[in-house]
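Working notes, beginning with the structure itself.
The values are calculated or read from the model by the stated rules, or taken from the named source; none is laboratory data. None of these values were measured; they are calculated from a predicted model. Here the Cβ is made from the backbone with ideal geometry for all residues, glycine too, and neighbour counts use every protein chain on show.
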Amino acid sequence: MTMSAMISIMVNSSPLAVEEGENLLKALQGAGVRLPAICFHPALHKTVGVCRLCTVEVATPGKPPELKRACLLKAHPGLAVQTESVAIQSAREKAMRALLKQAPQSERLIHLAQEFGLRIDPAPDGCIRCLLCERVCKEVVGAKALKLGKRNGQRLIEPVEGRCIGCGTCANICPTHVIRITDDESVRTISIRDEVIGRHPLATCEGCGKRFATPKFLEIAHDRAVDHHPDTKDHHRWCPECSKRLSPRVSGTLTRRY
């Protein structure tokens, strides 16, 4: 077996001994030079360069520096390589954004971006920023429990601490269902983007015994009803089904429905 001749190339202004004709990405990684790459594997003979993450800046005598994919280059005499520069970082960030559009939740891509300090667009979170939830909570429910905030440069809906009443109106009106309600026995949990924005106990229906609404919601509903129709009668906590079945009269008196 004929051994390839060893040559010296310049990598980040320092000499590096490699085999002539060796795949440049393989040679650099073998020498401990950090380069991002997804579509390259040393066990495969053919390289395709589709991920574009291994971009480097190369220069050969008589030619200006160029951005090239290291996995598609072979080591040859006179080769000078830079693995870090503003232009290289920009090219890698562009390549990473293109990959994340196809696989926005890929943990490997996200970790790779973090490892190499690549600025990337925030991953989609399912919210289209229509503001329906924030508006209905403010204008109809009156709780003002949601607001449009900003985290890490990204605009997003977030909770106002202590104001959620657990009515679930925001989840019902959300067109993408990124806001969700989960009733687990006696507790209602409301979440957005898998972040809990409210957790409330559930009151029991006086008619059927089913847990159906939060005490905070029932309190607000009662106060609003009294404000519009003041009286001193006793009020019942009925679920919607029992409300239809038992109202409008119980024991000969008018009763409100919540």
Return the pairs, sorted by first residue and then second, in which the second residue is β-branched (Val, Ile, Thr) and assigned to a loop (DSSP other than H, G, I, E, B), the first residue lies in segment 45-69 and is within 17 Å of Ser85 (Cα to Cα), the beta carbons are less than 7 Å apart, and the residues are 6+ apart or on different chains. Leu53/Ile38; Val56/Thr83
Among the candidates Gly126, Gly117, which residue alone is in contact (Cβ under 8 Å) with a residue 40 or more places away in the chain and not hydrophobic (A, V, I, L, M, F, W, C)? Gly126
Among the candidates Ala75, Ala145, Ala87, single out the residue that is within 30 Å of Gly168 (Cα to Cα), of a type in the set (A, V, I, L, M, F, W, C) and either surrounded by fewer than 14 Cβ atoms within 10 Å (Cβ to Cβ) or modelled with pLDDT of 90 or more (or both). Ala145
Taking segment 158-176 and keeping residues more than 17 Å from Phe212 (Cα to Cα) and either part of a strand (DSSP E or B) or free of Cβ contacts under 8 Å to residues at least 12 places away in the same chain (or both) leaves Glu158, Pro159, Glu161, Gly162
Might you let me know whether segment 107-128 holds any residue that is surrounded by fewer than 16 Cβ atoms within 10 Å (Cβ to Cβ), outside any loop (DSSP other than H, G, I, E, B) and touching a Cys at 6+ places or on another chain (Cβ under 9 Å)? no
With (1) at pLDDT 90 or above; (2) surrounded by 20 or more Cβ atoms within 10 Å (Cβ to Cβ) as the list, and Ala213 as the residue in question, which single condition is left unmet? (1)
Do we have Ala221 as surrounded by 14 or more Cβ atoms within 10 Å (Cβ to Cβ), outside any loop (DSSP other than H, G, I, E, B) and at pLDDT below 65 here? no
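Look at segment 182-192 and say how many of its residues are at pLDDT 85 or above and surrounded by fewer than 19 Cβ atoms within 10 Å (Cβ to Cβ).
Narrowing segment 182-192 to residues at pLDDT 85 or above: 182-184, 186-192.
Subset that is surrounded by fewer than 19 Cβ atoms within 10 Å (Cβ to Cβ): 182-184, 186-187, 189, 191.
Final tally of qualifying residues: 7.
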Could you list, in sequence order, the residues of segment 135-157 that are free of Cβ contacts under 8 Å to residues at least 24 places away in the same chain and either assigned to a helix (DSSP H, G or I) or acidic (Asp, Glu) (or both)? Arg135, Lys138, Glu139
When residues of segment 177-191 are filtered for being charged (D, E, K, R) and either without any contact (Cβ under 8 Å) to a residue 24 or more places away in the chain or assigned by TED's automatic domain parsing to the domain that holds Pro240 (or both), how many remain? 2
May I ask you to say which residue of Ala203, Ala171 is over 30 Å from Arg129 (Cβ atoms), small (Gly, Ala, Ser) and at pLDDT 85 or above? Ala203
Matching residues in segment 5-21 (assigned to a strand (DSSP E or B) and under 14 Å from Thr83 (Cα atoms)) number 6
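State which residue is nearest to the chain's Cα centre (by Cα) when the search covers only segment 22-32 and only residues that are surrounded by 11 or more Cβ atoms within 10 Å (Cβ to Cβ) and in a loop (DSSP other than H, G, I, E, B). First the steps, then the outcome.
Initial filter on segment 22-32 (surrounded by 11 or more Cβ atoms within 10 Å (Cβ to Cβ)): 22-31.
The next check asks that each one be in a loop (DSSP other than H, G, I, E, B); those that pass are 22, 31.
Working: Glu22: 40, Ala31: 36 Å.
Among them, the one singled out is Ala31.
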Looking at (1) within 24 Å of His111 (Cβ to Cβ); (2) over 38 Å from the mean Cα position of the chain (by Cα), find the lone condition where Cys54 falls short. (2)
Do you know which of the residues in segment 39-58 that are among the aliphatic types (A, V, I, L, M) and surrounded by fewer than 13 Cβ atoms within 10 Å (Cβ to Cβ) is nearest to Ala98 (Cα to Cα)? Val48
Within segment 63-97, residues in contact with a Leu (Cβ under 8 Å, 6 or more places away or on another chain), of a type in the set (S, T, N, Q) and part of a loop (DSSP other than H, G, I, E, B) come out as Thr83
